[in-house]
Amino acid sequence: MLYVSTRNDQEKVTASQAILKGLAEDGGLFVPEEIPSLDVPVEKLADMTYQETAYEVMKLFFTDFTEEELKQCIARAYDGKFDTEEIAPLKKAGDAYFLELFHGATIAFKDMALSILPHLMIAAARKNQVKNDIVILTATSGDTGKAALAGFADVKGTKIIVFYPKDGVSPIQQKQMVTQQGENTFVVGIHGNFDQAQTGVKQMFSDKELEKAMEETGYQFSSANSINIGRLVPQIVYYVYAYAKMVQSGAIQTGELINVTVPTGNFGNILAAFYAKNMGLPIGKLICASNENKVLYDFFATGAYDRNREFVLTSSPSMDILISSNLERLIYWIAGNDAEKNRSLMKSLQEESRYEISAEMRSQLSEFYGNYAGENETSSMIRETYQEFGYIMDTHTAVAAAVYKKYREETKDAAKTVIVSTASPYKFTRSVMTAIDEKYDSKADFELVDELAALSGVNVPKAIEDIRTAPVRHTRVCEVNEMQAVVKEFLHM
Ligand SMILES: *Cc1c(COP(=O)(O)O)cnc(C)c1O
């Protein structure tokens, strides 16, 4: 299995090379030449552990890794860092199944992929005789940063630099990042939003002069962002796993179609669901949930992607994104794997901040449903679900639940539905608790943590306990146009 760039299908690389590079030379994203089919029947998957399922999926994509390499990466990733052996448990509340992807080290779904990416990357570096140290350059809307830092901290042969929007993450998210241990970790707040952080990082990736200077100092960049295929593929696993577990528990029959609702920002998580569907997993609708930054909703409604709009800071900051990078992989797909066509659309996005797809391309989006939830709908969803079922969800999951409710009302589609739960409510304690009752707003952050434990009956996760008293190690803040200078400074270049 080889990978091509969405902007130039002449450039073909192996899986391990795609993981090492992160982004293709031409600024495109690596995609597999074709999506493989699942070759294990669901009945068999139903009895598998998360780790076994992960192997069955990853072996189909990462074909230049040996069985031993993959199994070792999987064993090191999905271990006691997760607070449950199931790794990704399903919880039923009301008529939906919540797939909880926040049981890893940093209590957001980014752990699902970022606990394995460092291991894949090291194996890939060995396989390709890489001599340089790998510098992981990452822009984060809040959750990727911490999960990547946790994954790469003190990993030999790597350094990691994370840029986050100084005023665009939750207090807990920020504390998690600035207290990160590890001599090879650097965390920088920027005076700007996530899109600016992401654009700055992408520019560094395609800067040839910088690349040369890095090479001379013994460094090369890679990416831990969801544009890396080494992040996308591990995210397919939990859809397969969830489906198989629903069969095992009798919630569905083998072959029965389920819907998935995904709280979406950079379009990585839902794209993994789309890939799972194309591998043969019986998924009906892919319900794409946005917050007030509803650029994707508008895209599905009109066929025009237009980022010319105000960037809104919401209570679901990990979805405060106007440039959904992974959408490019879907655009390439619906263009019939036409790199030329995709490239011209992406050029238009860069130059005019918008593009419009053809009617023919649009006709291939019928399996997607897009909608969005405003701030009030999101907090009502948290409050009502708590009051009715005693289940407390985070703000991002609530956006998805609110959108699913709209979908049900609009379509009357009663197919069993998985709502992807992307963060622990503990990560967004203030927003979650004030959604339940405004009286909580007067309390301090860690008082709220204890109140949440009392209300939910769910123990305070270790990730939160750890930062109660942890010292701040990273205080650097910079302007958007200083990002490259900061990188050079950290690397002593
Ligand atoms: C990253 C993130 C999302 C968005 O996921 P994408 O793959 O970027 O669409 C949603 N919720 C949470 C909590 C996240 O951390």
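The calculated pair-distance distribution of the chain uses every alpha carbon pair, bins of 10 angstrom beginning at 0, and gives 4, 21, 33, 29, 12, 2, 0 percent.
Listing 478, 288 from fewest to most neighbouring C-beta atoms within 10 Å gives 478, 288.
Only residues of the stretch 204-237 count here: report those whose backbone N is under 19 Å from the spot 7 Å along Cα→Cβ of residue 12, or say none. What the label zone holds, given the 19 Å backbone N cut-off, is no residue at all.
How would you classify the stretch 54-178 from its alpha-carbon gyration tensor, with a ≥ b ≥ c the square roots of the eigenvalues: rounded for a/c under 1.5, else prolate if a/b is greater than b/c, otherwise oblate?
oblate
Taking the DSSP bridge list for the chain and keeping only pairs wholly inside it, about 30 percent are antiparallel.
In order along the stretch 259-267, the phi-based Karplus estimate (6.51 cos²θ - 1.76 cosθ + 1.60, θ = phi - 60°) of 3J(HN,Hα) comes to 9, 10, 10, 10, x, 10, x, 7, 6 Hz; Gly and Pro are listed as x.
Helical content of the chain, expressed as a calculated mean residue ellipticity at 222 nm, amounts to -13500 deg cm²/dmol (DSSP H runs of 4 or more residues, -39,500 (n - 2.57) each, divided by residue number, nearest 500).
Relative contact order for the chain: 19 percent, from Cα pairs under 8 Å spaced at least 6 residues apart, divided by residue count. Neighbours of residue 246 by Cβ distance under 11 Å: Lys/Arg scored +1, Asp/Glu scored -1, total +2. Once you sort the root eigenvalues of the Cα gyration tensor of the stretch 200-291 as a ≥ b ≥ c, which label holds: rounded (a/c under 1.5), prolate (a/b larger than b/c) or oblate (the other case)? In terms of gyration-tensor shape, prolate.
Near the amide H of residue 28, within less than 5 Å, lie the amide hydrogens of 7, all on another chain or at least 5 residues away, with H placed in the peptide plane. Helices in the chain that qualify as membrane-span-like (whole DSSP H runs, Cα extent of at least 18 Å along the helix axis, mean Kyte-Doolittle hydropathy of -1.0 or higher) are 229-248, 395-411. Cβ-Cβ distance of residue 92 and residue 213, R₀ of 56 Å, FRET efficiency by 1/(1 + (r/R0)^6): the value works out to about 0.55. For the stretch 313-363, relative contact order (Cα pairs under 8 Å, six or more residues apart, normalised by length) works out to 23 percent. Between the C-alpha center of the stretch 155-178 and that of the stretch 465-493 there is a gap of 8 Å.
If R0 is 35 Å, the Cβ-Cβ spacing of residue 462 and residue 302 corresponds to a FRET efficiency of close to 0.20. Put simply, the amide H of residue 417, placed in the peptide plane, has neighbours under 5 Å in 97, 259, leaving out anything fewer than 5 places away on its chain.
For residue 68 and residue 350, the FRET efficiency from 1/(1 + (r/R0)^6), where r spans their Cβ atoms and R0 equals 56 Å, is about 0.85.
Each Lys or Arg adds one and each Asp or Glu subtracts one; over the other residues with Cβ under 14 Å from the Cβ of residue 212, this totals -4. Each residue in 127, 285 was given a count of other beta-carbon atoms within 10 angstrom of its own, and listing them fewest first yields 127, 285. A simple count of charges around residue 278, restricted to other residues whose Cβ falls under 15 Å of its Cβ and scoring Lys, Arg +1 and Asp, Glu -1, yields -1. Here's how it looks for residue 135: its modeled amide H is under 5 Å from those of 159, 220, 221, 222, which are all 5 or more places away or on a different chain.
Here, each number is a calculation from the coordinates, and none is a lab measurement. The model shown is predicted, which means the values in this text are computed figures rather than measured ones. Counting neighbours? That spans all protein chains shown, and the Cβs are built from the backbone with ideal geometry, glycine included.
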